[in-house]
Each structure stands twice: as C-alpha cells, then as structure tokens.
Amino acid sequence: MASEGLEISQPALDPDQSLDIHHRITVRDRKAKVHRRVYDVRGSLNCSNESTGPPCTGWVEGMAPVFSRAAWKCAWHLIQNDLIHGWGLDMKLGYCAQGDRTKKVGVIDTEYIVHQGIPSLGGGGSVNKAPSKSLDLRAHIRRQSTAELEKFKERWDQAVREDKEWVDPFEGYTRIRD
C-alpha cells in the first residue's frame, strides 16, 4: 500500500475460490501487484479509459478496506453510527483519498482474500431455518439497507448544501451510479 502511494486499498478477491463477487474491480489480477481501475461493459456500467469514478476507478468495496491514518480520519467522519449497513459509503470513500482517487485508491493483487458469500445479516448461515423465513428476513434487510442508503444520500446532500466553502473535487466526473 505504502510503496504504491495508496491511501485507501483492499485486498483483491480470489476469483477461483470466492463464492460471491459483486464488483469486477475487486477481482484479483494474478499478473499485477496492484490495480486501480477495471474495464467492464455490461448494462448501464461502462468502465473505459474515460471513466474517472466509482466503481470503475478510485474505488474499493466496503467489505475489507484498508486506510492510511489520514484517510481513516476522514472516513471515520463518514460513518453514521445509526445506520447499520453502510450502503453507499464505499461510493464516497474516494473523497478521503488525500488527492486524486484514481491514483490513491487501489486493489492489492499480491494480497488477496476469499469471499465466502455468507450473509452476515439475516439468515443464510443455518440449515435449520425454514427457507421462507430466511427469505423474508433477507427481503426486510434489503428494504432497510435501501432506506439507509437514501438517508445517507440525504445527509451527504445536506452537508454539501450547508458547507458554503465546499468544492467537489470530483465534480464533472462520469457518474456511473450512486
């Protein structure tokens, strides 16, 4: 992380052993030490050389982020203690990169982990549960997560409106999704 000048990183996900990979940028590149961008086209996602924002570049998933001290001081203030899931937080971490997120945020390919795909909130871990109850609980968690994402976005937008000195360093980048 330090040798590459990264402020925010994550270990790559091993594609052969991981059961669940949600974002292409997190997949391990066996030929690289670190990567900072991904090229991918599917649906509304178009990650190309022109992409300047998450999740194509300047982005790590909230599953296993690693921060420099300065980046952590910033990220700490993004964490909302009344929100359980943290959806949306990973899309904003690049603001804590202490500079150009396309250079200061990356995935470490030489260090990798395996995503077991075990839901940590709401079932999936016990074979004794009735499937319908587990599915109902997952649906409830999805609804709560979506509501919390909206709350997080509202708070972000309010903070931007209230801070008269705020200048968005990434304004004008190609927004893929938020």
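The values are calculated or read from the model by the stated rules, or taken from the named source; none is laboratory data. Computed from a predicted model, the values in this text were never measured in an experiment. Note that each Cβ is placed from the backbone with ideal geometry, even for glycine, and that neighbours are counted across all protein chains shown.
Here's the yes/no breakdown for (1) in contact with a Cys (Cβ under 7 Å, 6 or more places away or on another chain); (2) part of a loop (DSSP other than H, G, I, E, B); (3) over 11 Å from Glu7 (Cα atoms):
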position: Glu61; (1), (2), (3): no, yes, yes
position: Ala71; (1), (2), (3): yes, no, no
position: Trp76; (1), (2), (3): no, no, yes
position: Gln80; (1), (2), (3): no, yes, yes
position: Leu83; (1), (2), (3): no, yes, yes
position: Lys92; (1), (2), (3): no, no, yes
position: Glu111; (1), (2), (3): no, no, yes
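Against the definition (surrounded by 18 or more Cβ atoms within 10 Å (Cβ to Cβ) and either farther than 18 Å from Ala159 by Cβ or at pLDDT 95 or above (or both)), how does Arg69 come out, yes or no?
Numbers: surrounded by 18 or more Cβ atoms within 10 Å (Cβ to Cβ): no; either farther than 18 Å from Ala159 by Cβ or at pLDDT 95 or above (or both): yes.
Against the criterion (surrounded by 18 or more Cβ atoms within 10 Å (Cβ to Cβ) and either farther than 18 Å from Ala159 by Cβ or at pLDDT 95 or above (or both)), Arg69 does not qualify.
What tally of residues in the range 125-178 results from selecting those that are loosely packed, with under 10 Cβ neighbours inside 10 Å, at pLDDT 85 or above and within 28 Å of Ser48 (Cα to Cα)?
Of the residues in the range 125-178, 2 are loosely packed, with under 10 Cβ neighbours inside 10 Å, at pLDDT 85 or above and within 28 Å of Ser48 (Cα to Cα).
Quickly run through the range 5-30 and pick out the residues that are assigned to a loop (DSSP other than H, G, I, E, B) and free of Cβ contacts under 8 Å to residues at least 40 places away in the same chain. Talk me through it step by step, then tell me what you get.
Step one: filter the range 5-30 for residues assigned to a loop (DSSP other than H, G, I, E, B), giving 5-7, 14-23, 28-30.
Listed by number, the residues that qualify are Pro15, Asp16, His22, His23.
Of all the residues that make up the range 30-61, how many are under 22 Å from Glu111 (Cα atoms) and exposed (fewer than 15 other Cβ atoms within 10 Å of the Cβ)? Walk me through how you get there before you give the answer.
So the first thing to find is which residues in the range 30-61 are under 22 Å from Glu111 (Cα atoms), and the list is 30-39, 54-61.
Those left that are additionally exposed (fewer than 15 other Cβ atoms within 10 Å of the Cβ): 30-33, 39.
Total meeting the criteria: 5.
Look at the range 3-29 and say how many of its residues are closer than 12 Å to Glu111 by Cα and of a type in the set (Asp, Glu). Even if it seems obvious, please write down each step before you answer.
Step one: list which residues in the range 3-29 are closer than 12 Å to Glu111 by Cα, which gives 9-14, 26-29.
If we keep only those that are of a type in the set (Asp, Glu) as well, we get 14, 29.
Summing the residues that are closer than 12 Å to Glu111 by Cα and of a type in the set (Asp, Glu) in the range 3-29 gives 2.
Which of the residues belonging to the range 76-110 are within 16 Å of the chain's Cα centre (by Cα), closer than 16 Å to Pro169 by Cβ and of a type in the set (S, T, N, Q)?
Thr102
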